[in-house]
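Comments concern the structure below.
Values quoted throughout were computed directly from the atomic coordinates according to the rules given, and no laboratory measurement underlies them. None of the values given here were measured: they were computed from a predicted structure. Positions of Cβ are generated from backbone atoms using ideal geometry, with glycine treated the same way; all protein chains shown enter the neighbour counts.
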Amino acid sequence: MSEDAMRGWVDDWFSKHPVMGRSSSTAAVVADTFLVGPAASFRFDTDGNLSTVVDTAKIQVGQAILWRWISGSHTVTNGTGSSDPQVGSLFDTPSTSLAPQFQFTFNSPGTVPFFCRPHELSDMKGVVVVSGTATVGTPGGGRIGFTAGPLPNPSRSAVSFGFAVAKPGRVRAEVFDVRGRRIAVILDRSLEAGSYPATWDGRTRDGAAAAAGVYYLRLNVPGRIQTRPVTIAR
């Protein structure tokens, strides 16, 4: 399907059907981010690996997911597919250059699959798993993954964040731009279980100050991958 055909399909759908989910609160903590159509792909990407066909985000009740448009014309629609009797009951919204960002707060536990209507047959799908309470914790009952930040956000330079590791293993923290390109590696080493602070100095891998704009801080700890947006304001 060409770009013009994709745009026409999406525009035609929402000229005949209401947008669902736009009233969702934007005040909740964004616990993870899906990039929509990174590298001109038919993927919802949250793990930085486009070979993963269906990515899964794990959050808790009261947290939000952000979908950030990168390329193409798509929809973000809850359900396993167009034949699902619950399709579009929570959210059904365009993800295009004219509607580049969609945030939804999940207030009930459960598993929420979603897909792109025009690219359903291309397996453009994802899953959000919402837990009522933390199901995996660090010693002492804490969370795993992000525990704080990134702060300040927006920032003119550096941002700090906290994270927790439930079991020993490799931890990687990276920064990506809105096109899905890795611009910085903050951390890439093995850590013991526990809580840690970290900082991105606001610079790219070549040492230059990152340009003003939106970036994505991706944290990969054993058992969880999370992404949070960071805005650099020069």
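Listed values, structure above:
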{"item": "Residues of region 187-205 that turn out to be without any contact (Cβ under 8 Å) to a residue 24 or more places away in the chain and either within 24 Å of residue 43 (Cβ to Cβ) or among the charged types (D, E, K, R) (or both), as a count", "result": "4"}
{"item": "Count - residues of region 59-105 that are within 23 Å of residue 5 (Cα to Cα), assigned to a loop (DSSP other than H, G, I, E, B) and of a type in the set (Ser, Thr, Tyr)", "result": "5"}
{"item": "Which listed residue is closer than 14 Å to residue 217 by Cβ, touching a Lys or Arg at 6+ places or on another chain (Cβ under 8 Å), not polar (S, T, N, Q) and not in a strand (DSSP E or B), from 178, 171", "result": "178"}
